[in-house]
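Read the structure below first, then the notes.
A short reminder: the numbers here are calculations on the coordinates, not readings from a lab. In this text the structure is predicted, and so the values were computed from the model without any measurement. With ideal geometry, Cβ positions are generated from the backbone for all residues, glycine too; neighbour counts draw on all protein chains shown.
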Amino acid sequence: MDFIIGHYNYWIAILLMMIGFYTVISRGNLVKKIIGLNIFQVSVFLLYISMSTVKGGAAPIITEGVKLYSNPLPHVLILTAIVVGVATTALGLALVIRIKEAYGTIEEDEIHQQDHSL
Amino acid sequence: MTNNIILRVVSKSLIPLIIMFALYVQFHGDYGPGGGFQAGVIMSAASILYALVFGLDAAEQVFPPAILRILASLGVLIYAGVGVVTLFLGGNYLDYSVLADTRIAGQHLGILLVELGVGMSVFSVMLIIFFAFAGRGRP
Amino acid sequence: MIDVFIGVVLLAFLAVTAVSIVRMTNLFAIIMLFGIFSFLSAAMFVVMDAVDVAFTEAAVGAGISTVLMLATIALTRDHHEKASASHRPWLPLTVVIVTGAALVYGTLDIPAFGDPNAPAQIHVAPYYIEKSIPETGVPNIVTAVLASYRGFDTLGEVIVVFTAGIAVMLLIGAKRRKSNVENNKGEDNDE
């Protein structure tokens, strides 16, 4: 029982990861794929931040009288990852707009049909 | 959306507060949660709110895209430039201790300048991206 | 005890939101649900004591990302996903279940959530927690690590953001001339 409580966060993060992954590989609409990718990213952040919390610890800002702090290093890593993630999303959405203007559709099946590429 | 009086009045009262909050987050990043990234994104959110309520043309007059491009490049230049200055002053690249007389003052100055560069760059890039998306639909 | 309960409830809401994002077909509703997902994850970060990360996730995920996605579906004028999307649903489901099982098997060795004696908390982190004020004088350890100890990574990150801005400007920043698809195709062939 302690084992389940101790690992519940990680399993939910993996469940969200797999939901995002499923959205990317099984749906044909390009915007929905990008949203699935974002769900995947957020769940990876949840996994990392879960590994950095300390029970009874405080936020990593040095204050008087606090002895136990959470681990600040994954926070730095995830901060960078969030910003890089939004840059990637913006670029992906710009590409979707150009694909719509070139092909007239953003459904993957119709794009493959127009290009005869599958 | 300029015809909707509630939106106009509320956003006119809120946008200065949002900008002030962005500046607070930028300069108090040392003592509380915050820093360059959060401040840049909050400031760009204020500008996006202005563009949504008052129209894209009015927003492009307040923040001309040419100025935004200069600001974005300036932010990156400030960050890399701090590193080059420390090189010339005798330390390693981005070694803030040589920027002032004492080590702690040098670190404070270095972190302040670097976060300023980051905030400027993130604000301008987010606004450039938004203007590019919103301006594409205009004939 | 109360924050364990809050954490469990927030994670359950996150899972429900993610499942409904997969199942729905109206793109506008999906984007709104994605904004809710970002906010719930930011609340979860606050419960887990990661205040800087929560700040950035709320501002960036629920602010910028949602606005850009709404602008995209306004430009592509495509508000509904095509309903006949799942041609062969069993293949993605199998891949997902196998990957999920492998990852869960990998998490069996991770130390329990919140364990103060985990290797991550006793090897590198105490150096930064103790030395942050004497060496940099900045109480916010995350800012000190981000801007001073790992300054090169932040320089790379700013350059990535700048490059994304340039790329978006190249793709869709130019002023449109005629809204003719053939004209645009002709321009692209010339570039």
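Result for chain B in a Gaussian network model with C-alpha springs under 10 Å: among B:LEU56, B:LEU127, B:LEU68, the largest mean-square fluctuation is at B:LEU56.
For the stretch C:57-170, what percent of Cα pairs sit more than 17 Å apart?
That fraction is 79 percent.
The mean sequence distance of close C-alpha pairs (under 8 Å, at least 6 residues apart), as a share of the length of chain B, puts its relative contact order at 28 percent. Summing Cβ point charges (Lys, Arg +1; Asp, Glu -1) relative to the Cα centre of the stretch B:5-135 gives a dipole of roughly 260 debye.
Between amide H atoms placed 1.01 Å from N, distances below 5 Å from A:ASN29 occur with A:GLU108, all of them 5 or more places distant or on a separate chain. The distance between label points at A:LYS67 and B:GLN61 comes to 6.3 nm (points 7 Å beyond Cα on the Cα→Cβ vector). Between C:ASP52, C:ASP153, C:ASP109, the residue with the greatest mean-square fluctuation in the GNM of chain C (Cα pairs under 10 Å linked by springs) is C:ASP109. The calculated pair-distance distribution of the protein assembly as shown uses every alpha carbon pair, bins of 20 angstrom beginning at 0, and gives 24, 54, 22, 1 percent.
Full extension of the chain between C:ASP3 and C:TYR105 gives 34.0 nm of extra length, using 0.36 nm per residue less the Cα-Cα distance.
Per residue of B:106-117, count partner chain C-beta atoms within 10 Å of its C-beta, then hand back the mean as an integer.
4
Around the Cα centre of the protein assembly as shown, unit charges on the Cβ atoms of Lys, Arg, Asp and Glu (plus for the first two, minus for the last two) sum to a dipole of about 1020 debye. Every Cα-Cα pair of the stretch B:30-139 was included, and the share exceeding 25 Å stands at 35 percent. When the stretch B:5-135 is described by a simple charge dipole with +1 on each Lys and Arg Cβ and -1 on each Asp and Glu Cβ, the residue from B:THR86, B:VAL62, B:ILE6 located farthest towards its positive end is B:ILE6. Computed from the Cβ-Cβ distance with R0 of 22 Å, the FRET efficiency linking C:VAL16 to A:TRP11 stands at 0.90. For the stretch B:35-47, 3J(HN,Hα) computed residue by residue from phi via the Karplus equation (6.51, -1.76, 1.60; θ = phi - 60°) reads x, x, 5, 4, 5, x, 5, 5, 5, 5, 5, 4, 5 Hz, glycine and proline entered as x. Partner shielding of B:21-33 amounts to 4, given as the average count of beta-carbon atoms from other chains within 10 Å of each residue beta-carbon. Residues of the stretch B:112-133 falling in the label zone of B:LEU89, defined by backbone nitrogen less than 16 Å from a point 7 Å along Cα to beta-carbon, are B:112-117.
Using the average count of surrounding beta-carbon atoms within 10 Å as a protection proxy, the listed peptides B:39-45, A:29-35 rank, highest first, as B:39-45, A:29-35. Dividing the convex hull volume of the alpha carbon atoms of the stretch C:1-81 by its residue count gives 63 Å³ per residue. Within the listed set C:ILE31, C:ILE122, C:ILE21, the residue fluctuating most in the Gaussian network model of chain C (springs between alpha-carbon atoms under 10 angstrom) is C:ILE122. Counting Cβ atoms of other protein chains within 10 Å of each Cβ in C:30-41 and taking the mean gives 3.
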